[in-house]
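S.K.: Handing you a structure now.
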Ligand SMILES: [Zn+2]
């Protein structure tokens with residue numbers, strides 16, 4: 001997967017609302033979180049927006065405000081978003097490996113059809129393949 005490109009402050013600013021509403025796309029989220037982590041101006045901007053959003057949320061739902069720590073909440077939120085991005089990438093990597101092995105297996109099966117002598121080798125490769133997959137997805 002391509003490295004997330006850097007956002008300008010203007011682009012980051014446009015993503016604040018989708019981010020808060022959790023409607024931001026994973027690809028955008030990565031660039032956005034990277035920018036927020038490194039740009040104090042946009043961080044303050046996001047914090048202010050989140051503060052307003054939460055205040056409205058509290059008013060709407062008539063909830064207590066005593067444990068309201070915006071800095072902590074924002075940090076947790078950014079961490080959660082980064083975790084989600086990392087998990088998504090890991091899944092993509094696993095899928096690529098899986099596809100590669102399936103292709104390899106198909107090639108081996110094709111070879112086996114023409115050269116029955118290599119059947120034993122293919123049988124062992126198949127077993128190793130299944131062991132590998134079991135490890136990968138558990
Ligand atoms: Zn910025």
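None of the figures in this text is laboratory data; all of them are computed from the coordinates on show. Given the structure is predicted, the values throughout are model-derived calculations rather than measurements. A quick note on method: Cβ atoms are made from the backbone with ideal geometry, for glycine too, and the neighbour counts reach across all protein chains shown.
S.K.: Sorted from fewest to most neighbouring beta carbons within 10 Å, what does the list 35, 123 look like?
M.R.: Working: 35 21, 123 11.
The fewest-first ordering by Cβ neighbours comes to 123, 35.
S.K.: If you don't mind, there's one more thing I want to ask. To the nearest 10 degrees, how steeply does helix 70-114 sit against the main Cα axis of the chain, on a 0 to 90 scale?
M.R.: 10 degrees
S.K.: Shifting gears a bit: Any chance you could give the angle, 0 to 90 degrees and rounded to 10, that helix 40-61 forms with the longest Cα principal axis of the chain?
M.R.: 80 degrees
S.K.: Another question about this same structure. Could you tell me how many cubic angstrom of Cα convex hull volume the stretch 91-138 has per residue?
M.R.: 47 Å³
S.K.: Gaussian network model of the chain, Cα springs within a sub-10 Å range: biggest mean-square fluctuation belongs to which of 56, 83, 115?
M.R.: It is 115.
S.K.: Right, next: Note the angle between two axes, namely the Cα long axis of helix 26-38 and the longest principal axis of the Cα atoms of the chain, as a number of degrees from 0 to 90, rounded to the nearest 10.
M.R.: Orientation of helix 26-38: about 50 degrees from the principal axis.
S.K.: When a footprinting reagent is the concern and you count Cβ atoms within 10 Å, what order do 73, 90 take, fewest first?
M.R.: Placing the least packed residue first, the sequence is 90, 73.
S.K.: Find the centroid of the Cα atoms in the stretch 98-138 and in the stretch 1-51, then give the distance between the two in whole Å.
M.R.: 44 Å
S.K.: Between residue 132 and residue 49, how many nm apart are label points set 7 Å from Cα along the C-beta direction?
M.R.: 4.4 nm
S.K.: Compare 74, 109, 98 in a GNM of the chain, Cα atoms joined below 10 Å, and give the one with the largest fluctuation.
M.R.: Of 74, 109, 98, the most mobile in the Gaussian network model is 109.
S.K.: While we're on this one: Mind jotting down the three principal axis lengths of the chain based on Cα atoms? Whole angstrom, largest first.
M.R.: Taking the Cα atoms of the chain, the three principal extents are 74, 34, 21 Å.
S.K.: How do 81, 138 rank when sorted from fewest to most other Cβ atoms within 10 Å of their own Cβ?
M.R.: The order, fewest Cβ neighbours first, is 138, 81.
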